[in-house]
1. Report the residues of the range 109-136 in range of a label on Glu88: point 7 Å along Cα→C-beta, backbone N strictly under 12 Å from it.
2. Given R₀ = 35 Å, what would the calculated FRET efficiency be for Val395 paired with Arg441, taking r from the Cβ atoms and rounding to 0.05?
3. In the chain, what cysteines have no partner Cβ closer than 4.7 Å?
4. Using 1/(1 + (r/R0)^6) with R0 = 25 angstrom and r between the beta carbons of Glu359 and Asp319, what's the FRET efficiency to the nearest 0.05?
5. Quick check: the distance between the Cα centres of the range 335-379 and the range 255-292, to the nearest angstrom?
6. Cα atoms only, the range 397-439: Rg and Dmax in Å?
7. Fully extended, how many nm does the chain gain between Asp142 and Ser216 (0.36 nm per residue separation, minus their Cα-Cα distance)?
8. Per q in 0.14, 0.20, 0.24 1/Å, what log10 I(q)/I(0) does a Debye calculation on the alpha-carbon atoms of the range 187-241 return?
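Just so you know, all these numbers are worked out from the coordinates, no wet-lab data involved. Bear in mind the structure is a predicted one, so any value in this text is a computation, not a measurement. Positions of Cβ are generated from backbone atoms using ideal geometry, with glycine treated the same way; all protein chains shown enter the neighbour counts.
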Amino acid sequence: MTEGVAGNGSRWRLYLLLLLLVGLGSSAVAQRAGHDWTQFGWDVAGSGASTAQTGITASNVKSMTRRQVNLDGTVDASPIYLHAVTVEGAKHDVFFVTTTYGKTIAVDAETGKVLWEYTPPQYSTWASTRQITNSTPVADPDRQYIYAAAPDGAIRKLAVSDGHALWTTPITLLPLREKIASPLREFHGHIIAVTAGYIGDRPPYQGHVAVLDAASGKLLHAWNSLCSNRTGLIVPSSCPSTQSAIWGRAGAAIDATTGDIFVATGNGQYNGKTDWGDSLIELNSDASKMLGNYTPADNDKLNREDLDLGSTSPVLLGDGLLAQGGKDKMIRLLSLKQIAGDTAHQDHELQTVSTPSGEMLFTAPAVWRHGGQTWLFATDSGGAAAWTLKDGKLVAAWKNGNGGNSPVVAGGLLYIYDPDGGLRVYEPATGKQIADLECGRGHWNSPIVVDGKIALPEGNANRHSTSGILDIWSLPAAH
């Protein structure tokens, strides 16, 4: 009997060991599963919520180790990621970033080695000046090319293999005044980009939406938020109205079903006909036609007091609903049906809620669909908050006093970078903090979480530095 018991104990120990190895193997598989993160906010809507497994859990996130990669520029934006792509003749998992002065850099996700670096031809003429970009590149669905912006006001198609440019297309006739501040989007063979202005709102400039052919680089259409009766790129001084920047952190939000483009504009003239300052705009997929619009009833006040509605991008919630924040410290719930058409729609809010701490909203909220519920997460300088969507209304779920940048949900965890330093990790449904990962200060930077790694740039574009850091956290290697 004693021998039998011992034998059973050995078998149980072996069984438990096998379970442990299977668990480690599952984690390793999750890390190597091979998911891409092709654009800011994960998808074309900019939801900020990944549907892929990451291998990172509440129990192992604190064990992650950080590698700091030195870059030839500050990345005041977000990375993107492609797994197992061919660079310089070998397979690599790669993070791609664009610096504030327009260098686009490929970084090996495992080693931190810079694989290639593309520098725009006129880089030396604007390096260390106020002429910058805060844009995030976007990958082509074929995974052989990415598209990136630069302070010269141009979009470039770059080869993943070595970073060489295939085409270059300007989307502004005055890059000294019109800035590419927001991420690029790719949808069904089109590249969608938006323009803004620089700090200080120096005239003249107009926000506009540019749609390019991804294959050739041809500018297909440009919709101007001021002088919208004029198509194509316009000389900013030729329009009697100025400003109305499109500068929200998510840029254009795109409905993946219809291809409709949603943008929000900043301060500028508004007449509900040709001038659309401080407005939410819905365009068709090539930006040739307005499908809907909205502005608050106090549009004039927003413009007069520099309270840009477009300090954040539209948020597509589904079920015909969307949310729009702003510098006036409110988040509005809107109905697509009620703002449809090209005639002016003022007011029409279904609901308004305060931003998390009652401060201005500059970040891109995240939309998480989980367990049959739709969640909205938002952050401002003084806090973070969560709501669920129930019966067509936003219902408060939790909030805290930790400020942060654009939130990201991945692998069932919520990540919020504090630009004062630190990356906090939460349980999304409860707001319980799980970890606080050490990192430096930043500005508009936000992380991506994919294949057992977290990538987050540090630094502030307004410091005008030509160097920067990319933080890469990795799970311990499974043996």
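1. 112-117
2. Details: r = 34 Å, r/R0 = 0.98.
The computed FRET efficiency comes out at 0.55.
3. So far as the 4.7 Å Cβ criterion goes, Cys439 stand without a partner in the chain.
4. The computed FRET efficiency comes out at 0.30.
5. Taking the Cα centre of the range 255-292 as reference, the centre of the range 335-379 is 16 Å away.
6. Looking at the range 397-439, its Cα Rg and Dmax stand at 9.6, 28 Å.
7. Taking 0.36 nm per residue and subtracting the Cα distance, the gain is 25.1 nm.
8. Evaluating at q = 0.14, 0.20, 0.24 Å⁻¹ gives log10 I(q)/I(0) of -0.40, -0.73, -0.92.
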